[in-house]
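One structure is given below, encoded as structure tokens.
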Amino acid sequence: MIKQTCYVSLCQAGADGRVLSMFRDILTVSQRNNRANGLSGYLLFDRHYFAQVLEGDPRVVDATIARIKDDPRHRDIVLLGYRERRVRQFEGWAMGGAMIEAIHDREILLRRGLDSKGWQRKLDGEGLINLALDFAASRSTDI
Ligand SMILES: Cc1cc2nc3c(=O)[nH]c(=O)nc-3n(C[C@H](O)[C@H](O)[C@H](O)COP(=O)(O)O)c2cc1C
């Protein structure tokens, strides 16, 4: 069985406030590490909030989440839940990523009953997984 863990968190911009390059850096390192560790998943970011689903061997997921929790680039981490499954849902995404753009992605959010402001507060684990799958399907290339 694999484990899927979902959380949302608040971005802590560095002194230079460059959240986009921060997001790219996180994705680059995550893809490298997760590929080596047999993990997959998806990271959403709207310049303020992160929402991530991480899946793989349960012990490896737990160890990685523990490391991510200590990362000063975010805070107020709220675990939305975890579940065990037979089959991965983000196979092929060592860590997919999507920037949520208020104007362009309004419809994707609306279809799930979400708004570009406060979307992260309404999610449970399953809601995040569904939303991430919608974004994965809407983006032809990785960021
Ligand atoms: C929102 C967020 C998501 C992250 N996701 C992952 C991840 O999926 N895998 C990972 O290895 N590191 C992730 N990181 C980075 C870790 O906190 C940590 O910086 C990194 O794993 C250290 O890797 P290194 O020792 O190879 O530099 C994430 C960080 C943040 C802020």
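Just to be sure I understand, how many residues within region 35-63 are under 13 Å from the mean Cα position of the chain (by Cα) and of a type in the set (S, T, N, Q)?
The total comes to 2.
Regarding region 81-88, can at least one residue be identified that is in contact with a Leu (Cβ under 8 Å, 6 or more places away or on another chain), touching a residue at least 24 places away in the same chain (Cβ under 8 Å) and closer than 20 Å to residue 36 by Cα?
no
Which of the residues that make up region 62-101 are of a type in the set (D, E, K, R), in a helix (DSSP H, G or I) and exposed (fewer than 12 other Cβ atoms within 10 Å of the Cβ)?
If the condition is that a residue be of a type in the set (D, E, K, R), in a helix (DSSP H, G or I) and exposed (fewer than 12 other Cβ atoms within 10 Å of the Cβ), then 67 is the only one that fits.
Looking only at region 122-130, decide whether some residue is within 21 Å of residue 11 (Cα to Cα) and in a loop (DSSP other than H, G, I, E, B).
yes
If I filter region 41-65 down to residues being of a type in the set (Gly, Ala, Ser) and touching a Leu at 6+ places or on another chain (Cβ under 8 Å), which single residue comes out as nearest to the ligand (Cβ to nearest atom)?
Only one residue fits best here, namely 41.
Each value in this text was obtained by applying a stated rule to the coordinates, not by laboratory testing. Please read all numbers here as calculations on a predicted model, not as lab measurements. Cβ: placed from backbone, ideal geometry, glycine included. Neighbour counts: every protein chain shown.
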